[in-house]
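Asker: Have a look at the structure that comes next, please.
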Amino acid sequence: MFALPLTDEVELRPLEPWRAEEFLANLDRSREHILPWVSSTFVATDLPSARAVLQRYADRWASDNGGIWGLWRQGRLIGGVMFVSFDVTIGVCEVGCWLEPAAQGRGLMAPAIRRIIDWAVRERGIHRVEWRTNADNVRSIALARRLGLRHDGTLRQVYPGPNGRIDLQIWSVLAPEWLARQADPESTVH
Ligand SMILES: CC(C)(COP(=O)(O)OP(=O)(O)OC[C@H]1O[C@@H](n2cnc3c(N)ncnc32)[C@H](O)[C@@H]1OP(=O)(O)O)[C@@H](O)C(=O)NCCC(=O)NCCS
């Protein structure tokens, strides 16, 4: 019912539990591509588990501690953005995202992330927006940098992975940095 145009072709819409079939179809197109980089609990494998993922986010949205939105391109769900966590009491949230492979490399994700960070900072008073990424996730790190986030540090060997333990990079942007950058996109926080 509600859609926010991001470009001529792409719209951001709430990704609600009734969209589970579309979500599962998107995951089926994305599975191998995103599995190394996102939580395996997110990458549902059948309709009940896809509905459960979206229901979890719907419950978080209702409790004001998370949310998920999809990107539709020419009527097809191609990926999405989410608040993995959202805590207005302490003013901190974590942003996440995914795209199916055919949608990657077209500059579609940055405007969607900008939209939800802007909402978090301007409308909800969030002070610190976090981005947590596997240190080998080159595209995710490039996106964080492009958005103007800075690298706070690396948690070394946090999880076991298929090729040894995984380093987790933490990137962030603070509200004053975000607002300054939106006012002057050439400015840098580094
Ligand atoms: C992370 C992820 C969303 C990044 O997607 P992406 O397409 O690289 O990011 P953007 O939408 O910002 O697009 C930037 C790319 O589009 C290109 N591009 C093309 N047209 C563009 C335009 N008009 N404007 C901006 N960039 C454009 C850029 O050159 C860049 O490509 P390059 O890195 O090959 O040079 C995607 O790689 C993904 O889904 N990965 C798997 C899941 C994942 O890692 N999630 C994050 C976990 S922390």
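Asker: Using a 1.4 Å probe over the heavy atoms of the protein chains, calculate the carbon and sulfur portion of the accessible area of the range 4-183 as a whole percent.
Answerer: Values: 4500 of 9030 Å².
So the carbon and sulfur contribution to the accessible surface is 50 percent.
Asker: Using heavy-atom solvent-accessible surface (probe 1.4 Å) with all chains present, what is the largest-first order of HIS33, HIS127?
Answerer: On the way: HIS33 55, HIS127 90 Å².
Descending accessible area places them as HIS127, HIS33.
Asker: I'd like the Karplus ³J(HN,Hα) series for the range 148-159: coefficients 6.51, -1.76, 1.60, θ = phi - 60°, whole numbers in Hz, and an x wherever there's a Gly or Pro.
Answerer: Karplus values, whole Hz, x for Gly and Pro: x, 7, 10, 7, 6, x, 10, 8, 7, 6, 6, 10.
Asker: Between PHE83, PHE23, PHE42, find the one with the highest GNM mean-square fluctuation for the chain; connect C-alpha pairs within less than 10 Å.
Answerer: PHE42
Asker: Can you tell me what share of the DSSP beta bridges in the chain is antiparallel? A percent to the nearest 5 is fine. Present the calculation step by step, with values, prior to reporting the outcome.
Answerer: Numbers: 37 of 40 bridges.
Around 90 percent antiparallel, to the nearest 5.
Asker: Also, quick follow-up: Please report the spacing between the Cα centers of the range 148-179 and the range 29-83 in Å, no decimals.
Answerer: Between the Cα centres of the range 148-179 and the range 29-83 lies a distance of 21 Å.
Asker: At 7 Å along Cα-to-Cβ for each site, give me the label-to-label distance between ASP28 and LEU4 in nm.
Answerer: Taking the two extended label points, one gets 3.0 nm.
Asker: Report, in cubic angstrom per residue, the convex hull volume of the C-alpha atoms of the chain.
Answerer: On the way: hull volume 24.0 nm³, N = 190.
Spread over its residues, the Cα hull of the chain gives 126 Å³ apiece.
Asker: Ordering GLU94, GLU16 by accessible area with a probe of 1.4 Å, largest first, what comes out?
Answerer: Details: GLU94 35, GLU16 80 Å².
My answer, sorted largest first, is GLU16, GLU94.
Asker: On a full-extension model of 0.36 nm per residue, what is the gain between ARG76 and VAL158, subtracting their alpha-carbon distance, rounded to one decimal in nm? Working shown, then result.
Answerer: Numbers: separation 82, 0.36 × 82 = 29.52 nm, distance 3.55 nm.
This chain segment gains 26.0 nm when fully extended.
Asker: Testing the spin-label approximation: label points 7 Å from Cα along Cα→Cβ at THR45 and ALA180. State their distance in nm.
Answerer: Label at THR45, label at ALA180, 4.8 nm between them.
Asker: What helices does the chain have that are whole DSSP H segments, at least 15 Å long along their own axis by Cα, and with mean Kyte-Doolittle hydropathy of -0.5 or more? Intermediate results must be reported in sequence, preceding the final value.
Answerer: Working: long enough: 20-34 (19 Å, -0.80); 47-62 (22 Å, -0.38).
Correct list, ordered by number: 47-62.
Asker: Averaged per residue, what accessible surface does the chain expose to a 1.4 Å probe, in Å²? It would help to have the intermediate numbers written out before the result.
Answerer: On the way: 10040 Å² over 190 residues.
Here the residues of the chain average 53 Å² of exposed surface.
Asker: Could you work out the equivalent-ellipsoid semi-axes for the range 1-78, taking the square root of 5 times each eigenvalue of the Cα gyration tensor, largest first, in whole Å? Don't skip to the answer; put the middle values down first.
Answerer: Working: eigenvalues 74, 57, 26 Å².
Ellipsoid half-lengths, sorted descending, are 19, 17, 11 Å.
Asker: Taking 0.36 nm per residue of separation and subtracting the Cα-Cα distance, what length does fully extending TRP37 through VAL88 add? Show your work: numbers first, answer last.
Answerer: On the way: separation 51, 0.36 × 51 = 18.36 nm, distance 2.66 nm.
That works out to 15.7 nm of additional length.
Asker: On a full-extension model of 0.36 nm per residue, what is the gain between ARG139 and ASP59, subtracting their alpha-carbon distance, rounded to one decimal in nm?
Answerer: Values: separation 80, 0.36 × 80 = 28.80 nm, distance 2.97 nm.
Length gained between ARG139 and ASP59: 25.8 nm.
Asker: Tell me the mean residue ellipticity at 222 nm calculated for the chain from its helices only (DSSP H runs of n ≥ 4, each -39500 (n - 2.57), averaged over every residue, nearest 500).
Answerer: Working: 5 runs with 59 residues, N = 190.
So the helix-based figure for the chain works out to -9500 deg cm²/dmol.
The values are calculated or read from the model by the stated rules, or taken from the named source; none is laboratory data. All of these numbers come straight from a predicted model, not from anything done at the bench. Ideal geometry is used to build each Cβ from the backbone, glycine not excepted, and the neighbour counts take in all protein chains shown. Surface areas here come from the heavy atoms of the whole protein model, side chains and all, with no ligands, DNA or RNA. Shrake-Rupley method; radii C 1.70, N 1.55, O 1.52, S 1.80 Å.
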